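Working notes, beginning with the structure itself.
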Amino acid sequence: MKRSAYMVAALIAAVLAGCNQNPSFLVEGAVTGADDKMLYFEQTGLEGIVELDSVKLGSKGTFSFKGNRPESPEFYRLRIDNQIINFSVDSIETVTVKADYNGFSTDYQIEGSENNLKIKELALLQSGLQQAVNKLGQSGLPAGIAQDSLMRIVNAYKEKVRRNYIFAAPNKSYAYFALFQTLNGYMIFDPLTSKDDVKCFAAVATSLNNLYPHADRSRNLYNMVIKGMKNTRTPAQEQIALPADKIQETSIIDVPLKDINGKLHHLTDLKGKVVLLDFTAYGAATSGVRNLALRELYNKYAPQGFEIYQVSFDVDEHFWKTAADNLPWICVRDPQGPYSSYINIYGLTKLPGSFLINRNNELSLRLPENADLETEIKKLL
């Protein structure tokens, strides 16, 4: 009788111990050709990448990681060196990954959920986009033609992802993943200054708020949408009266703004140089490649008296400072962003928008999208 009582007590203790364990998910699989390589299991959180676990792979390449079940869909990744496999988890599922070290981030197999198969599709699409943009950047095409081609490539990509992944299933983890893909370090979808892109963020935010109203990701995405809607709403059209002190005898309208160090620059101070006045937003997906093309022109013609005066309308000041830090020309920012008075003063309808100013400080040419920028610069030098 006493033995039975002990057995019952032990059984109850075991059950209670099991109940106290946190539900967990499992990530397992094998990576061939990666002997003695470190495999890292990381979480992609709102605050950045957090390392959760790691293992040195043996000859068989097998691995197994556990994680606490998230309260709402979360994103994780496996990393070897600089190669990454992204995936999501929203339950106590088992995610199985098989890959070879060569082609780890592109040729892997993943099992566990539809979300992760779609995330793989998106990763492959983004990789193809990056390769196409890299090829274009090395083509040697004139800046205007390259920019036009780049816009077509990126817009086609966005339309495909928008239609097949975001609007097709805004309640899925892969739709959220699609929103935050990057190209050359810049977000492909712009949540702050593009009306069309804000609609994509709003669709996913609405679904997430319905399913996981208390999740940090839901609240963060909702706040981004509210800010984006505020930034992109059409302001009331008002007749702008230009202050007399802004109109110079040089026939251009001065643009006095500060650079990343707080130094005030005047466009009118550049008399004697051929100036490209370039209105832009570094947060745009095409900005990185475009600035690479501009850098080639700047390096080639700056010794002959060419200057770039680049005005940013980026809303995020910290992002602008980071992006502009290594650019060799004059980079200033209007803190009014999309509500800048210069948008109306210079008749801008889209970004980027560019003008050439001759050595006499006179507005010489509004550059169309397909302009041969190098040819136009040489005419004025």
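The values are calculated or read from the model by the stated rules, or taken from the named source; none is laboratory data. A quick note: this is a predicted structure, and the numbers were derived from the prediction, not measured. Ideal geometry is used to build each Cβ from the backbone, glycine not excepted, and the neighbour counts take in all protein chains shown. Please note that ligands, DNA and RNA were not included when accessible areas were found on the heavy atoms of the full protein model with its side chains. Shrake-Rupley method; radii C 1.70, N 1.55, O 1.52, S 1.80 Å.
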query = Could you list, in sequence order, the residues of region 184-198 that are in a helix (DSSP H, G or I) and surrounded by fewer than 17 Cβ atoms within 10 Å (Cβ to Cβ)?
reply = K195, D196
inquiry  = Looking at region 56-74, I want the residues that are at positive phi and in contact (Cβ under 8 Å) with a residue 24 or more places away in the chain and have a partner that is in a loop (DSSP other than H, G, I, E, B) and surrounded by fewer than 18 Cβ atoms within 10 Å (Cβ to Cβ) with Cβ atoms under 8 Å, at least 6 apart or on another chain. Which pairs are those?
reply    = G61/G33; G61/D35
Selected residue [over 21 Å from the mean Cα position of the chain (by Cα), more than 18 Å from K273 (Cβ to Cβ) and of a type outside the set (G, A, S)] from N360, N370, N291, N299 = N370
ask   = Is there any pair linking a residue in region 359-381 that is closer than 17 Å to D148 by Cβ and touching a residue at least 12 places away in the same chain (Cβ under 8 Å) to one that is in a loop (DSSP other than H, G, I, E, B) and open to solvent by less than 90 Å² (accessible area, probe 1.4 Å), with Cβ under 6 Å and at least six apart or on different chains, and which?
value = D372/P142; E374/P142
task = Only residues in region 162-184 that are under 16 Å from E74 (Cβ atoms) and among the basic types (K, R) count as the first member; pair them with residues that are open to solvent by 40 Å² or more (accessible area, probe 1.4 Å) and in a helix (DSSP H, G or I), Cβ under 9 angstrom, at least 6 apart or cross-chain, and list the lot.
result = K172/E114; K172/K118
task = Just give me the residues in region 150-169 being surrounded by 15 or more Cβ atoms within 10 Å (Cβ to Cβ), out of contact with any helix residue (DSSP H, G or I) (no Cβ under 6 Å at 6 or more places or on another chain) and farther than 17 Å from P191 by Cβ, in sequence order.
result = M151, N164
remark   = Of (1) open to solvent by less than 30 Å² (accessible area, probe 1.4 Å); (2) in a helix (DSSP H, G or I); (3) modelled with pLDDT of 85 or more, L356 fails just (2)
inquiry  = Every residue in region 41-65 that is hydrophobic (A, V, I, L, M, F, W, C) and either touching a Gly at 6+ places or on another chain (Cβ under 6 Å) or not in a loop (DSSP other than H, G, I, E, B) (or both), please.
reply    = F41, I49, V50, L52, V55, F63, F65
remark   = Restricted to region 215-233 and to residues being open to solvent by 80 Å² or more (accessible area, probe 1.4 Å) and either touching a residue at least 12 places away in the same chain (Cβ under 8 Å) or touching a Cys at 6+ places or on another chain (Cβ under 9 Å) (or both), the residue nearest to A324 (Cα to Cα) is K227
ask   = Out of the residues in region 320-353 that are more than 15 Å from K263 (Cβ to Cβ), touching a Phe, Trp or Tyr at 6+ places or on another chain (Cβ under 7 Å) and without any contact (Cβ under 8 Å) to a residue 40 or more places away in the chain, which is most open to solvent (accessible area, probe 1.4 Å)?
value = P328
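Here is a yes/no grid of residues against (1) at pLDDT below 85; (2) touching a helix residue (DSSP H, G or I) at 6+ places or on another chain (Cβ under 6 Å):
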| position | (1), (2) |
| --- | --- |
| G283 | yes, no |
| S287 | yes, no |
| L292 | yes, yes |
| K300 | no, no |
| V311 | no, no |
| R333 | no, yes |
| P338 | yes, yes |
| A371 | yes, yes |
key: Candidate set from region 359-381 (those that are of a type in the set (D, E, K, R) and not in a loop (DSSP other than H, G, I, E, B)); member that is surrounded by the fewest Cβ atoms within 10 Å (Cβ to Cβ)   = K379
message = Here are the criteria: (1) over 19 Å from L380 (Cβ atoms); (2) open to solvent by 10 Å² or more (accessible area, probe 1.4 Å). Tell me which single one A293 does not satisfy.
response = (1)
task = Sort out which residues of region 170-205 are out of contact with any Leu (no Cβ under 7 Å at 6 or more places or on another chain), at pLDDT 90 or above and over 17 Å from K160 (Cα atoms), and write them in order of number.
result = S173, A202
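To keep it simple, each residue is scored yes or no on (1) open to solvent by 60 Å² or more (accessible area, probe 1.4 Å); (2) of a type outside the set (K, R); (3) modelled with pLDDT of 95 or more.
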position	(1), (2), (3)
A9	no, yes, no
I12	yes, yes, no
V15	yes, yes, no
C19	yes, yes, no
N22	yes, yes, no
E28	yes, yes, yes
V31	no, yes, yes
F41	no, yes, yes
L46	yes, yes, no
